[in-house]
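Asker: Starting off with a structure, shown below.
The values are calculated or read from the model by the stated rules, or taken from the named source; none is laboratory data. Computed from a predicted structure; not experimentally measured. In this analysis, Cβ positions are derived from the backbone assuming ideal geometry, glycine residues included, and neighbour counts consider all displayed protein chains.
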Amino acid sequence: MALRGGGAGSGGGQSGADGGGGIDAGKVAIAQRLRRERTVTLASIAERLQMGTKMHLAHLLYWHERGRKKRHDTIDTLTSYLSRQVMRALFKS
């Protein structure tokens, strides 16, 4: 997987007009994919994608994954709840 050239991963790590704000979600996704598919250190990923230190990248990856799991848990809970409601409605009549 090449990291050269333009695209979503090019440019600085900060988003927003004033340079503040969060890290580009596309870069976090690229970093996750690199960690999953390649033997690459966090330090080298953070340097190549201009995402700060390896510890900062580890923090971003942790919270991004935790947020993803939380969303899936919420969807599963809602689906389970709606299934129970439908079953109750069907068997009530």
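Asker: Out of region 40-67, which residues are over 12 Å from VAL28 (Cα atoms) and aliphatic (A, V, I, L, M)?
Answerer: Hits for region 40-67 are VAL40, ALA43, MET55.
Asker: Could we say that ARG4 is modelled with pLDDT of 50 or more, surrounded by fewer than 14 Cβ atoms within 10 Å (Cβ to Cβ) and closer than 12 Å to LEU61 by Cα here?
Answerer: No: the conditions fail for ARG4.
Asker: Please determine, by comparing only the residues of region 51-93 that are of a type in the set (Gly, Ala, Ser), part of a helix (DSSP H, G or I) and modelled with pLDDT of 75 or more, which one is nearest to GLN32 (Cα to Cα). Reasoning before the result, please.
Answerer: Applying the first criterion (of a type in the set (Gly, Ala, Ser)) to region 51-93 yields 52, 58, 67, 80, 83, 89, 93.
Still in the list and also part of a helix (DSSP H, G or I): 58, 67, 80, 83, 89.
Next cut, modelled with pLDDT of 75 or more only: 58, 80, 83, 89.
Values: ALA58: 10, SER80: 29, SER83: 33, ALA89: 43 Å.
Going through the qualifying residues, I end up with ALA58.
Asker: Which residue is modelled with the lowest pLDDT, if the candidates are limited to region 22-50 and must be closer than 19 Å to GLY67 by Cα and not in a helix (DSSP H, G or I)?
Answerer: Checking each candidate, the answer is GLY22.
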